[in-house]
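Every read-out reported here was derived from the displayed coordinates using simple, explicitly stated rules and does not represent laboratory data. A quick note: this is a predicted structure, and the numbers were derived from the prediction, not measured. Positions of Cβ are generated from backbone atoms using ideal geometry, with glycine treated the same way; all protein chains shown enter the neighbour counts.
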Amino acid sequence: MKDKLAKEIAKAIEEAVITLPEDVEVALKKAYEIEEGTAKLQLQNIITNIEMARRERKPICQDTGMQTFFVEMGVDFKYRGIIKEAIIDAVKIATEKVPLRHNAIDILKGKSTGNVGRGMPIIHFDLIPGEECFIDIMPKGGGSENASALKMLFPGDGLEGAKKFVLDTVARLAPAACPPVVVGVAIGGSADTAMKMAKMMLLRKIGERSEDNEIAAMEEELLGKINELGIGAMGLGGKITALDVHISISSRHPATFPVAVAMQCWANRRRRLKIDGDGRIWNIE
């Protein structure tokens, strides 16, 4: 069963690095219609690249990313003992088959270990009720990963302070993150949970709003202000710097006010798998 799971997960990784989700491609084409001049030319190149990658079955970017997985595993999922090994094997398979660029570097030796190694691939586990398992696959490029930021604000800074930090971070780091970007934001929790939630916000579809009306309004506000920065496609100027902003909130300690920002480049790659109790696998997004 482990080999079967590994092969199916490897196929999903391959699809993730070759074909963008429909919502991302649609958003990029809408940005192309809005832009003009250099920004329009850059977006045309991006759209042409998307089409060529799909047609020729080649990775959409030479940086095939850090292979990152968010696993929601049912407490009664009967393959829970082998799912981690299956994911690691899947990364090895995809590295050879696609191929994926070797993006795991040993800190002490400074040498490549392929896409596995100490702490690689990156796998986050959460337990859910039932006997099913869901796996979100996110190949995360290094340029956008370098645009991550965390700040422990003072409680008195409040939401206005949080919004200012997000805007300052995007203005400072987005030009090097291959925009137009998607911006994930988490407010509250702790330092480590905020960073995780900010990255998880990148899994939401473009145009999908928070169920909380106040947070949804903040998403719209920040998106508008980010696009007023004029950074534009590939940081060369333009009207569309971000395709969307997604925000998560959590309760916080009275003495803390963490705010985390994670960005994803225009190549917003992701796939979602479902494994049922009988081991059947579906690509559901």
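Computed quantities for the displayed model
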read-out	value
Links that overshoot a 19 Å alpha carbon limit, given the list Lys140/Lys199; Lys84/Lys274; Lys163/Lys199; Lys4/Lys97; Lys84/Lys111; Lys29/Lys140	Lys84/Lys111; Lys29/Lys140
Helix-derived mean residue ellipticity, 222 nm - over the chain, DSSP H n ≥ 4, -39500 (n - 2.57), to 500	-12500 deg cm²/dmol
Unmatched cysteines, the chain - criterion: no other Cβ of a Cys under 4.7 angstrom	Cys61, Cys133
Rounded if a/c under 1.5, otherwise prolate or oblate - the chain, Cα gyration tensor axes	oblate
Size of charge dipole - region 3-112 - debye, nearest 20, with Cβ of Lys, Arg +1 and Asp, Glu -1, no other charges	440 debye
³J(HN,Hα) computed for each position of region 104-110 - Karplus, 6.51 cos²θ - 1.76 cosθ + 1.60, integer Hz, glycine/proline x	10, 10, 5, 4, 7, 9, x
Exposure proxy ranking, count of Cβ atoms within 10 Å, fewest first, for Thr241, Thr256, Thr68, Thr48	Thr48, Thr256, Thr68, Thr241
Over the chain, relative contact order from alpha-carbon pairs under 8 Å, at least 6 apart, %	25 percent
Rounded to whole Hz, the Karplus (6.51, -1.76, 1.60) HN-Hα couplings of region 186-200, x for glycine and proline	10, 10, x, x, 10, 4, 6, 6, 5, 5, 5, 5, 4, 5, 5
Residue-by-residue Karplus 3J(HN,Hα) for region 72-89, coefficients 6.51, -1.76, 1.60, Hz, glycine and proline x	9, 10, x, 5, 9, 5, 7, 9, 4, x, 10, 5, 5, 4, 5, 5, 4, 5
Per-peptide average of other Cβ atoms within 10 Å, ordering 223-233, 53-63, 207-217, 175-185 highest first	175-185, 223-233, 53-63, 207-217
Sorted by Cβ density within 10 Å, fewest first, the residues Glu131, Glu22	Glu22, Glu131
Percent antiparallel among DSSP beta bridges (both partners in the chain, rounded to 5)	65 percent
By average C-beta atoms within 10 angstrom, highest first, the peptides 9-18, 34-43	9-18, 34-43
Exposure proxy order (Cβ contacts within 10 Å, fewest to most) of His102, His246	His102, His246
Region 143-264: antiparallel DSSP beta bridges as a percent of all, rounded to 5	60 percent
